[in-house]
Ligand SMILES: [Zn+2]
């Protein structure tokens with residue numbers, strides 16, 4: 001018996017299965033499996049291709065993210081970008097770190113890191129003094145001989161014909177005449193007389209400052225109107241008029257001009273606050289490296305600026321625009337600082353709104369379609385407004401606006417129920433009535449362009465000068481911007497107006513009794529105490 005026969009004998013075939021049929025079935029199964037396997041292979045090959053493609057794409061995206069991360073982290077400390085381009089958050093962080101290092105820093109650490117040893121702006125304590133020496137080579141345009149009339153110590157009247165006791169003193173006063181439009185130098189020859197009563201040698205009077213009112217106005221105008229830095233002003237005056245000015249003196253002249261403008265600032269604010277319709281806008285500012293705000297309120301007759309620290313609050317808005325009675329209208333953008341004003345007293349700027357609608361267009365989908373439709377309505381609105389400006393027919397304006405209002409309302413209602421722009425649409429609907437004040441009130445415009453145009457000069461000042469470095473610097477900017485706007489509004493010459501203001505202020509100062517020595521000491525002590533507690 002062969003081995004095969006032995007196996008055949010050992011295998012017990014189930015009675016119902018036919019071996020031949022079994023072979024055929026297995027063969028068919030085998031063929032099907034081969035086809036399936038081939039398909040699987042094709043699928044896995046395709047998956048491999050996809051995986052490789054995605055791997056490549058991933059590497060590409062990773063490198064892009066890396067590049068963007070580097071770009072986002074680039075600032076003035078690690079590139080050639082100017083400090084002005086730093087993000088506010090970066091600046092705040094850098095200032096925080098500096099303060100921390102300064103607090104914890106030992107002398108050695110400060111020496112290692114010059115940043116921590118940052119000095120205060122201006123002259124340093126204990127620096128050698130610079131005295132003005134009278135330039136004898138200058139030939140004054142005018143010579144004034146002054147004789148003393150009375151003795152300041154014993155108040156005795158002095159004889160005008162008494163012989164000179166000492167060599168006369170020469171004082172030079174540099175000035176700019178804004179009416180004749182020329183520089184001029186006046187020499188004061190101060191004769192001396194010995195008081196017959198108390199024996200004091202008394203000299204004739206000369207102006208207390210070597211810089212005339214016109215020169216004060218010129219320096220302030222160069223700084224404020226032409227946005228020129230103090231060092232450049234010094235070079236200009238030296239080259240152009242032979243007037244030597246130190247940095248401290250130039251700053252002092254700006255302070256004098258600022259004090260002289262305080263009165264007109266108050267008067268103009270009162271005019272703006274009394275106006276029925278005011279236009280207002282706000283922008284960011286920087287003072288001493290910290291965040292601040294600049295705000296303007298403009299009416300038909302006055303434009304006033306104010307700078308304040310930190311963020312602008314509703315209280316700041318109220319302080320600048322004044323009380324908003326039932327008849328007043330405030331034109332502004334949709335900024336949250338104006339939310340506390342009643343909608344009935346507001347006009348929301350349609351230029352801002354048009355920009356918002358344009359942004360909606362970039363959302364895509366239904367929002368974009370709505371944005372385009374809203375923009376079309378804005379165009380209709382402006383067409384109606386321009387027609388009204390030509391003919392002054394208010395009824396026609398309202399008739400033209402009626403369909404615009406209906407369509408805009410419908411679109412915004414639709415938007416407020418959408419997923420993409422519900423927040424924006426509801427925000428606009430919240431101030432809906434304030435969109436149409438211009439249609440019923442005289443003197444109200446649909447845009448806030450008056451305030452934005454007023455703000456433009458100050459914004460350019462900020463771009464040029466970057467920031468103010470002190471409280472009085474802020475005050476100087478807000479006052480000179482106010483005066484510049486006022487001169488522009490009424491066609492006045494800034495230099496002439498400012499010179500007269502300085503003359504009035506100086507005259508008032510000289511009439512005011514001088515503080516006594518005790519008062520000066522008390523004032524100095526108060527300043528030192530305030531500095532120590534700060
Ligand atoms: Zn005397």
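The values are calculated or read from the model by the stated rules, or taken from the named source; none is laboratory data. Since this is a predicted model, take the numbers as computed values, not measurements. Virtual Cβ from ideal backbone geometry, glycine too; neighbours counted across all protein chains shown.
Tabulated data
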read-out	value
Failed item, numbered, when residue 162 is tested on (1) modelled with pLDDT of 80 or more; (2) surrounded by 12 or more Cβ atoms within 10 Å (Cβ to Cβ); (3) within 16 Å of the ligand (Cβ to nearest atom)	(1)
Residue match in region 413-436 (condition: out of contact with any helix residue (DSSP H, G or I) (no Cβ under 7 Å at 6 or more places or on another chain), in a helix (DSSP H, G or I), over 20 Å from residue 331 (Cα atoms) and free of Cβ contacts under 8 Å to residues at least 60 places away in the same chain)	yes
Residue 234 out of contact with any strand residue (DSSP E or B) (no Cβ under 6 Å at 6 or more places or on another chain), in a helix (DSSP H, G or I) and buried (at least 17 other Cβ atoms within 10 Å of the Cβ)	yes
Residue match in region 307-317 (condition: touching a residue at least 40 places away in the same chain (Cβ under 8 Å), exposed (fewer than 14 other Cβ atoms within 10 Å of the Cβ) and not in a strand (DSSP E or B))	no
Any hit, region 12-19, residues being surrounded by fewer than 10 Cβ atoms within 10 Å (Cβ to Cβ), out of contact with any helix residue (DSSP H, G or I) (no Cβ under 8 Å at 6 or more places or on another chain), modelled with pLDDT of 80 or more and not assigned by TED's automatic domain parsing to the domain that holds residue 463	yes
Residues located in region 438-466, provided they are on the phi > 0 side of the Ramachandran plot and in contact with a strand residue (DSSP E or B) (Cβ under 6 Å, 6 or more places away or on another chain)	443
Any hit, region 349-357, residues being assigned by TED's automatic domain parsing to the domain that holds residue 432, farther than 19 Å from residue 431 by Cα, touching a residue at least 12 places away in the same chain (Cβ under 8 Å) and part of a helix (DSSP H, G or I)	no
Residue tally, condition over 17 Å from the mean Cα position of the chain (by Cα) and surrounded by 14 or more Cβ atoms within 10 Å (Cβ to Cβ), over region 440-455	8
Every residue from region 176-230 that is more than 16 Å from the ligand (Cβ to nearest atom), in a strand (DSSP E or B) and under 28 Å from residue 152 (Cα atoms)	185, 186, 187, 188, 189, 190, 211
Residue within region 97-120 that is under 30 Å from residue 207 (Cβ atoms), away from the ligand (no atom under 16 Å from the Cβ), modelled with pLDDT of 80 or more and out of contact with any strand residue (DSSP E or B) (no Cβ under 9 Å at 6 or more places or on another chain) present	no
Answer residue from region 138-155, given it is within 16 Å of the ligand (Cβ to nearest atom) and either closer than 13 Å to residue 204 by Cβ or surrounded by 14 or more Cβ atoms within 10 Å (Cβ to Cβ) (or both) and is nearest to the chain's Cα centre (by Cα) among those	152
Tally of residues being at pLDDT below 85 and surrounded by 15 or more Cβ atoms within 10 Å (Cβ to Cβ) across region 290-306	0
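Conditions (1) in contact (Cβ under 8 Å) with a residue 24 or more places away in the chain; (2) surrounded by fewer than 16 Cβ atoms within 10 Å (Cβ to Cβ); (3) within 26 Å of residue 83 (Cα to Cα), marked per residue:
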position	(1), (2), (3)
457	yes, no, yes
467	yes, yes, yes
487	no, no, no
491	no, yes, no
495	yes, no, no
504	yes, yes, no
